[in-house]
Amino acid sequence: MRTLDSATSLRIAVQKSGRLTDKTIELLKGIGLEFDDYKRSLLVKCRNFDVELLLIRDDDIPEYVEDGICDLGFVGANTVAEDEANATILRGLDYGVCRLSVAIPKNGSAKSVKDLQGKKIATSYPVLTRKFFESKGIDVSIVTLSGSVEIAPRLKIADAITDLVSTGGTLKANGLTEIETIFESETQLIKTNKPLSEGKEQLIEKILQRIEGYKKAAESRYIMMNAPESAVSEIKKILPSLKSPTVMPLADNGMVAVHTVVPLTTFWDIMEQLEEAGATGIVMLPIESMIV
Ligand code: PRT
Ligand code: ZN
């Protein structure tokens with residue numbers, strides 16, 4: 001059993017309670033990290049790796065990683081960019097997807113961002129917002145609010161806003177229209193730029209490889225089917241598999257079982273083509289993880 005010395009454990013920052021928490025915990029468990037209830041403690045040690053999770057507000061994550069208090073962090077790209085954090089983005093993760101957009105009152109006089117010249121813009125993202133308007137050569141004054149930005153135009157605090165949007169429901173409910181996207185965001189895994197021990201670097205490499213496999217598995221399906229032996233060459237042409245499919249003889253004369261892995265995006269097209277080629281009893285199974 002490995003000893004878990006907090007001075008040397010790889011420390012990973014995770015949002016304590018919010019939109020990114022469940023998916024991040026699911027991902028960490030999915031790549032094989034075992035830990036106890038993360039809801040009751042701020043610092044959670046992994047049982048099977050020299051890793052500990054620090055559960056904090058998402059806004060604090062870039063700074064903690066920049067300062068080397070945490071070695072890795074899972075946080076929205078919007079937060080990383082707004083903080084202008086000095087950290088390395090290891091990879092994007094396809095959850096927490098949203099965009100930072102400019103929105104204006106539906107029945108207001110402004111119709112495009114150009115019409116916002118000289119106006120007040122409310123936002124929780126002053127850095128990204130300022131950069132955007134500067135890049136367009138539009139002079140605006142920025143009103144920084146920590147939340148409920150969508151109400152600012154109705155309260156006459158601002159003429160327009162920039163805010164995170166996912167479904168667009170919040171903007172609509174507040175009589176606002178999205179007119180331009182400033183920044184596309186998803187969750188990112190970031191790494192400190194402070195020097196790390198060889199052991200930590202190796203562990204990070206391992207975590208990255210496992211995330212790769214976990215993501216690939218989520219995007220793939222294992223498929224099995226039966227087919228007449230004579231149809232195998234046609235079936236092979238249809239299957240865009242990573243390697244050649246496994247073909248096994250069945251007890252029935254002239255019949256074989258074909259097993260392989262296919263990308264989820266093409267699954268339904270492939271299924272129909274396989275049926276036409278003579279495959280029967282096609283079964284699709286999710287894959288928990290795979291080495292890629
Ligand atoms: O307490 P803590 O500070 O940790 O959490 P928080 O309240 O600051 O953040 P949280 O949990 O709301 O969001 C964390 C991260 O999730 C954000 O930084 C983004 O990277 C990502 N994310 C994805 C979103 C959204 N989608 C999102 N829709 N963050 C916020 N929203 C809000 C948005 O601000 C607006 O109020 O949801 C509303 C719009 O949603 P729609 O669906 O109506 O368009
Ligand atoms: Zn926050």
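Laboratory data are not the source of any read-out in this text; all were calculated from the coordinates shown. A quick note: this is a predicted structure, and the numbers were derived from the prediction, not measured. Cβ sites come from the backbone with ideal geometry, for glycine too, and all protein chains shown count toward neighbours.
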Inset, instruction - Return the long-range amide H neighbours of Ile31 (sequence gap of 5 or more, or a different chain), with a cut-off of under 5 Å between placed amide H atoms. - result: none
Inset, instruction - Report ³J(HN,Hα) in whole Hz for each residue of region 77-94, in order, from the Karplus equation J = 6.51 cos²θ - 1.76 cosθ + 1.60 where θ = phi - 60°; Gly and Pro get x. - result: 4, 4, 6, 5, 5, 5, 6, 6, 5, 8, 8, 9, 7, 7, 6, x, 10, 7
Inset, instruction - Divide by every residue of the chain the summed helix terms, -39500 (n - 2.57) for each DSSP H run of at least 4, and state the resulting mean residue ellipticity at 222 nm, rounded to the nearest 500 deg cm²/dmol. - result: -7500 deg cm²/dmol
Inset, instruction - Express the relative contact order of region 207-292 as a whole percentage, based on alpha carbon pairs under 8 Å and six or more residues apart in sequence. - result: 49 percent
Inset, instruction - Can you tell me the relative contact order of the chain? Whole percent, Cα pairs under 8 Å, sequence separation 6 or more. - result: 18 percent
Inset, instruction - Whole Å is fine, so just give me how far the alpha carbon centre of region 148-221 lies from that of region 55-96. - result: 10 Å
Inset, instruction - Would you grab the residues whose amide H sits under 5 Å from the one on Ile179? Only those 5+ places off in sequence or on another chain, please, with H modelled 1.01 Å from N. - result: Val102, Ala103, Ile104
Inset, instruction - Take the chain, connect every pair of alpha-carbon atoms lying under 10 Å apart with a spring to form a Gaussian network, then pick out the residue of Gly30, Gly278, Gly175 with the largest mean-square fluctuation. - result: Gly278
Inset, instruction - Could you pull out every residue, at least 5 positions away or on a different chain, whose amide H is within less than 5 Å of the one on Arg11? Hs are placed 1.01 Å off N in the peptide plane, and Pro or chain starts have none. - result: Glu52, Asp71, Leu72
Inset, instruction - Take peptides 245-256, 194-205 and line them up by average Cβ neighbours within 10 Å, highest first, as a rough protection proxy. - result: 194-205, 245-256
Legend entry - Net +/- balance of residues flanking Glu82 in space, Cβ distance below 12 Å, scoring K and R +1, D and E -1: -3
Inset, instruction - In whole Hz, with x marking every Gly and Pro, tabulate ³J(HN,Hα) for region 191-199 from phi via Karplus 6.51 cos²θ - 1.76 cosθ + 1.60, θ = phi - 60°. - result: 10, 5, 8, 6, x, 10, 5, 4, x
Inset, instruction - Could you list, in their original order, any pairs among Lys16/Lys216; Lys45/Lys216; Lys114/Lys136; Lys16/Lys45 whose Cα atoms are separated by more than 18 Å? - result: Lys16/Lys216; Lys45/Lys216
Legend entry - Under Karplus coefficients 6.51, -1.76 and 1.60, residue-wise ³J(HN,Hα) of region 134-151 in Hz, glycine/proline x: 5, 5, 8, x, 9, 8, 10, 10, 9, 10, 8, 10, 8, x, 6, 5, 5, 8
